[in-house]
1. Which residues, taken from region 162-187, are out of contact with any helix residue (DSSP H, G or I) (no Cβ under 7 Å at 6 or more places or on another chain) and buried (at least 20 other Cβ atoms within 10 Å of the Cβ)?
2. For region 38-56, which positions are touching a helix residue (DSSP H, G or I) at 6+ places or on another chain (Cβ under 8 Å) and without any contact (Cβ under 8 Å) to a residue 40 or more places away in the chain?
């Protein structure tokens, strides 16, 4: 039997119960929560060694839970693994406050390996009595960590990585993908990004633009559809944009919206 406590946070009953059973069978003590608010209550009742967290939940969502968790020094370094059904999702985990991304549907062996490593590190760190910690202390958050999230769709992976680096260097949390997935509007509702940048030639962008326009609650989120190949058969939001122009667009939205 393994030692360790794991908190599973997901609004889908099947996911919660299945993960709870798998982890319990492995020997862990498992706590379950349906949303961020309940998860905080579970954390305060019994400190977990690792947390499996869904970002997109009603009420207090995953990102809001992470912000609240990291604001409490006692739980600032609890390992948090983000669960997502958005395959190929790339995100600046350090800025978000998480350690890993675990994709749904789960590879059980991979999941258990990540949980085991997280629990081992947590318990090793808590039992260290020597002059040096078992793990290096994470760096202090960058001063502008509250600049917010940017959703980015760019079909060219090298340009995507370049934009990710440029925006991350300015303190933004970048959630990036090479094609516009059907879950993008749901992701936008959960993350409330500063801006959404969409490369027109990326797969699925046309459908997503229409869905975002028809989704209530997203009216205040600036959306920029851009192109580098002169394609003009797109909505009026098109801009011919270089990478620096896209970063400038995000910065202008931050100045207009103020701090969050």
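1. Matches in region 162-187: 164, 177, 187.
2. Filtering region 38-56 down to residues touching a helix residue (DSSP H, G or I) at 6+ places or on another chain (Cβ under 8 Å) leaves 39-40, 43, 47-56.
Correct list: 39, 40, 43.
Residues checked against (1) more than 22 Å from the chain's Cα centre (by Cα); (2) at pLDDT 75 or above:
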residue: 193; (1), (2): no, yes
residue: 213; (1), (2): yes, yes
residue: 219; (1), (2): no, no
residue: 222; (1), (2): no, yes
residue: 230; (1), (2): yes, no
residue: 233; (1), (2): yes, no
residue: 237; (1), (2): yes, no
residue: 245; (1), (2): yes, no
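The values are calculated or read from the model by the stated rules, or taken from the named source; none is laboratory data. Note that this is a predicted model, so its numbers are computed, not measured. Note that each Cβ is placed from the backbone with ideal geometry, even for glycine, and that neighbours are counted across all protein chains shown.
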